[in-house]
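The values are calculated or read from the model by the stated rules, or taken from the named source; none is laboratory data. As the structure is a computational prediction, the values presented were derived from the model and not from experiment. Positions of Cβ are backbone-derived with ideal geometry, glycine not excepted, and every protein chain shown enters the neighbour counts.
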Amino acid sequence: MGGVHILLVDDSPGELLLAQEAFSVHSEAVRLTTFSDARGAMAWLAGAAGDLPDLILADVNLPGLSGLDWLRSLKEQPALRHIPVVVMSVAAPPQQIAEAYALRACGYLPKAPSFGEFQKQIDALVNFWSRCMFARPPAATLS
């Protein structure tokens, strides 16, 4: 299995399929876990103490619990706040970008309009994150 474990959360089945295709060329470097909603991803994270992702890539516009509300919730939890989060969206209004960074997102990725451009974004993302060292929370916060 790959080295970097990425949790991808996007409510669009088409976007998830495209992302899985884009990440598939990096199967040696990436292990991808996907969810179509924030609540499902949060429930999975609650039970994944020994297998937390190294990076979360989340759509800003999720139904129910928005991507920014979910980011806020993640960063409030000691066992999860160490996980870097990159948010993504088709639109990139300056206020939303500022809010994402204020909530400690480590990146804001505007979704590319074509699959070829999206593949380049994913290639760059994998190239960067596969070379990073990741923080691990103290064992006491995982229980």
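A few notes on this one:
- Taken over segment 23-43, residues that are in contact with a helix residue (DSSP H, G or I) (Cβ under 9 Å, 6 or more places away or on another chain), surrounded by fewer than 21 Cβ atoms within 10 Å (Cβ to Cβ) and assigned to a helix (DSSP H, G or I) amount to 2.
- Beta carbons closer than 7 Å, at least 6 apart along the sequence or on distinct chains, pair a first residue in segment 109-138 that is loosely packed, with under 14 Cβ neighbours inside 10 Å with a second that is modelled with pLDDT of 90 or more and aliphatic (A, V, I, L, M) for 115/18.
- Scanning segment 91-99 for any residue that is surrounded by 13 or more Cβ atoms within 10 Å (Cβ to Cβ) and within 12 Å of the chain's Cα centre (by Cα) turns up nothing.
- In segment 96-116, the residue that is farthest from residue 22 (Cα to Cα) out of those that are of a type in the set (D, E, K, R) and in contact with a strand residue (DSSP E or B) (Cβ under 9 Å, 6 or more places away or on another chain) is 104.
- Boolean, residue 54 is at pLDDT 90 or above, acidic (Asp, Glu) and either in contact with a Lys or Arg (Cβ under 9 Å, 6 or more places away or on another chain) or buried (at least 20 other Cβ atoms within 10 Å of the Cβ) (or both): yes
- Segment 62-74 residues that are touching a residue at least 24 places away in the same chain (Cβ under 8 Å) and under 14 Å from residue 88 (Cα atoms), paired with ones that are among the polar types (S, T, N, Q) and outside any loop (DSSP other than H, G, I, E, B) (beta carbon under 8 Å, 6 or more apart): 67/89; 68/96
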